[in-house]
């Protein structure tokens, strides 16, 4: 028992420790998008499905001695894939489909080890059940989920801040080699006790087709909710491991609670909580100011980061707990254990494909979230109908209860319909791809480009005013003051990371040279079709498609006078653009007296020490220029925070500009961000 438990624990720990590890390593290569994590999750779920399918085939189709031999050979061969560090040849060039590029990268880099780790729990549980004459192995499943939970909880506070990505990868590879030895030893040590069980014919009721449908459906619902909530949290904050892991940790916790003991999941308590959570989330996605809640009820957009994370995460917890609790109630005899796990993993993979692959490429909005809520409500109602307990004995009361359920479900579906309509109503254009959702709206003579809930640029539709520069880029902003300080008649070479609507190109004058780096082709499309800054620019604008940092690494020296960094998606922070190494790359492309302008306006994160640390490590100074917008309805400027990074000599040569802000000194004890290290906990606004 101890040997089985130790092997399953180590395999599950490694299985989930590698998820944030490998995702963080490749995150900078694909623009720091939140979709990177969802695509990784799709791969993990597909590999899990393959592992469970392999375990099911091995148990059902092969004699035990052959099972052990086949598995031992594959384990030994998988060591050849170590260490799990992806090579530079996997860096994208900007023209490929990022989803497929990520899936192929993961397949080659960690595919074989991850696949074999995923087989361990169902395979060893089946061997354990046979060795001990049909012993119930589901507590080993709970142990597996506990190890997974421990791996995820330990990564943000212990592993990520203290070890470089390379050290993490090599340490994981060494631990995997140890697992291979332990797993082969476990199989060999127990082989004699397992052989006799191949003839075991203990009577067992086979699962019905309806049972298998519910296994897959409930698992798919929980998977869709996990990924949809993760996307919702990360698209406007930051695509970073600790925000990836909060929903995943709670998701795994529901597995542990549901499968550890049948007594924990008490339907009369947790099913109502699940339905209340479904209603809460549907309301948070589209608050009803004229409906059944008073106008004074706090708007979710004003709740603040901790409350938003808590609300969405715990709502997902109760919804996933209901799904997994119903799954635990439907678990079959141990003889059908591998088919049960296979259908669970199939449901998870279906959810992953839907959210991670199909939705970004087929939908123009986040329909998977309300769709997942609707599917969950329907399946939980089906689970109630299929339930073994008779909650209401009297037929009239049963009919009344059913009528209430139907009415509530109908009202819920109406609200979800309003959520979907809310995503589309009043917008000129709604588009979506791997990098997120873009919407163009027009109101009071102003056309805006929205990414999530963040305004990424706007323009007056009046031809007489359409060259007016507003938003975070107006004359009073940090970048506006920098552009206004240029010497008359002297041409500039300007680089812009992040196109938006093209506002910054309005500063171009004849003779200037502007080069824009943009990773999202849909942004380029909208900037050309819905806005006119690029067309109206006094000089031709070069546009480089792809991640700015990767493009700059490949290009010859650009000799920029000014380079602006404004590449946030929503409020999400592309960490790889703020590191010490990134700043060194920028300065390789700039003139000695050039100025780097970094836009760091953010609702939740204090980025001043990050920029100051990276600047100081490159021998530069950081001038912070903040602009507070007024309540004047005619105001065209938004509140903004820009940091101008420049050499001490350049600062001395621009005294008027230096008086416009304050120098930010490196924060004592603050560890400079590097490509191997970043820590969001330390910069959360209190």
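Test each condition in (1) modelled with pLDDT of 95 or more; (2) farther than 16 Å from residue 562 by Cβ for residue 516 and report the one that comes out false.
(2) is the only condition that residue 516 fails.
For region 228-247, state whether one or more residues are over 30 Å from residue 123 (Cβ atoms), at pLDDT below 80, out of contact with any helix residue (DSSP H, G or I) (no Cβ under 9 Å at 6 or more places or on another chain) and surrounded by fewer than 24 Cβ atoms within 10 Å (Cβ to Cβ).
Looking through region 228-247, at least one residue is over 30 Å from residue 123 (Cβ atoms), at pLDDT below 80, out of contact with any helix residue (DSSP H, G or I) (no Cβ under 9 Å at 6 or more places or on another chain) and surrounded by fewer than 24 Cβ atoms within 10 Å (Cβ to Cβ).
Looking at 638, 670, which is the one that is in contact (Cβ under 8 Å) with a residue 12 or more places away in the chain and either touching a strand residue (DSSP E or B) at 6+ places or on another chain (Cβ under 8 Å) or closer than 17 Å to residue 596 by Cα (or both)? Working first, answer last.
On the way: 670 fails: either touching a strand residue (DSSP E or B) at 6+ places or on another chain (Cβ under 8 Å) or closer than 17 Å to residue 596 by Cα (or both).
When all the criteria are applied, what remains is 638.
Restricting region 81-103 to residues that are part of a helix (DSSP H, G or I) and touching a helix residue (DSSP H, G or I) at 6+ places or on another chain (Cβ under 8 Å), which is nearest to residue 9 (Cα to Cα)?
From region 81-103, those part of a helix (DSSP H, G or I) are 81, 88-90, 98-103; that's our starting set.
From what's left, touching a helix residue (DSSP H, G or I) at 6+ places or on another chain (Cβ under 8 Å): 81, 90, 98-99, 101-103.
Numbers: 81: 22, 90: 32, 98: 33, 99: 31, 101: 31, 102: 28, 103: 27 Å.
Looking at residues that are part of a helix (DSSP H, G or I) and touching a helix residue (DSSP H, G or I) at 6+ places or on another chain (Cβ under 8 Å), I get 81.
Exactly one condition in (1) more than 25 Å from residue 30 (Cβ to Cβ); (2) modelled with pLDDT under 95 is false for residue 562; which is it?
Among (1) more than 25 Å from residue 30 (Cβ to Cβ); (2) modelled with pLDDT under 95, the lone unmet condition for residue 562 is (2).
Hey, does region 173-193 have a residue that's outside the structural domain of residue 677 (by TED's automatic domain parsing), modelled with pLDDT under 80, assigned to a helix (DSSP H, G or I) and under 23 Å from the mean Cα position of the chain (by Cα)?
no
Inside region 449-526, counting only strands (runs of 3 or more DSSP E) that do not spill past its ends, which hold 2 or more residues that are more than 29 Å from residue 651 (Cα to Cα) and touching a residue at least 40 places away in the same chain (Cβ under 8 Å)? Talk me through it step by step, then tell me what you get.
Details: elements: 454-460, 493-497, 513-518.
In region 449-526, the matching strands (runs of 3 or more DSSP E) lie at 454-460.
Looking at region 476-492, is at least one residue within 30 Å of the chain's Cα centre (by Cα), crowded, with 17+ Cβ neighbours inside 10 Å and at negative phi?
Initially, region 476-492 is screened for residues within 30 Å of the chain's Cα centre (by Cα), giving none.
No.
Working only within region 531-550, note down all residues that are over 21 Å from residue 587 (Cβ atoms) and within 29 Å of the chain's Cα centre (by Cα). Quick ask: steps written out before the conclusion?
Our first condition is that a residue be over 21 Å from residue 587 (Cβ atoms); within region 531-550, this holds for 531-541, 543, 545.
Matches in region 531-550: 543, 545.
State which residue is farthest from residue 614 (Cα to Cα) when the search covers only region 625-667 and only residues that are surrounded by fewer than 19 Cβ atoms within 10 Å (Cβ to Cβ) and under 31 Å from the mean Cα position of the chain (by Cα).
Here the residue is 638.
Does region 27-41 include one or more residues that are surrounded by fewer than 22 Cβ atoms within 10 Å (Cβ to Cβ), in contact with a helix residue (DSSP H, G or I) (Cβ under 9 Å, 6 or more places away or on another chain) and not in a helix (DSSP H, G or I)?
no
Residues are listed down the side, and each one gets a yes or a no for (1) assigned by TED's automatic domain parsing to the domain that holds residue 286; (2) at pLDDT below 85; (3) touching a helix residue (DSSP H, G or I) at 6+ places or on another chain (Cβ under 7 Å):
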| site | (1), (2), (3) |
| --- | --- |
| 338 | no, yes, yes |
| 343 | no, no, yes |
| 346 | no, no, yes |
| 363 | yes, yes, no |
| 367 | yes, yes, yes |
| 372 | yes, no, yes |
| 378 | yes, no, no |
| 383 | yes, yes, yes |
| 390 | yes, yes, no |
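Quick grid of which residues meet (1) out of contact with any helix residue (DSSP H, G or I) (no Cβ under 6 Å at 6 or more places or on another chain); (2) over 25 Å from residue 669 (Cβ atoms); (3) at pLDDT 95 or above:
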position	(1), (2), (3)
578	no, no, no
581	yes, no, no
592	yes, yes, no
596	no, no, yes
599	yes, yes, no
602	yes, no, no
605	no, no, no
609	yes, no, no
617	no, no, no
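Go through region 5-22 and count every residue that is surrounded by fewer than 24 Cβ atoms within 10 Å (Cβ to Cβ) and either at pLDDT below 80 or within 15 Å of the chain's Cα centre (by Cα) (or both).
So the answer is 1.
Could you identify the single residue in 528, 559 that is closer than 18 Å to residue 591 by Cα and either out of contact with any helix residue (DSSP H, G or I) (no Cβ under 7 Å at 6 or more places or on another chain) or surrounded by fewer than 18 Cβ atoms within 10 Å (Cβ to Cβ) (or both)? If you could, list the steps in order and put the result at the bottom.
Working: 528 fails: closer than 18 Å to residue 591 by Cα.
The match here is 559.
The values are calculated or read from the model by the stated rules, or taken from the named source; none is laboratory data. For clarity, every value in this text was computed on a predicted model and none was experimentally measured. Backbone-built Cβ (ideal geometry, glycine too); neighbour counts: all protein chains shown.
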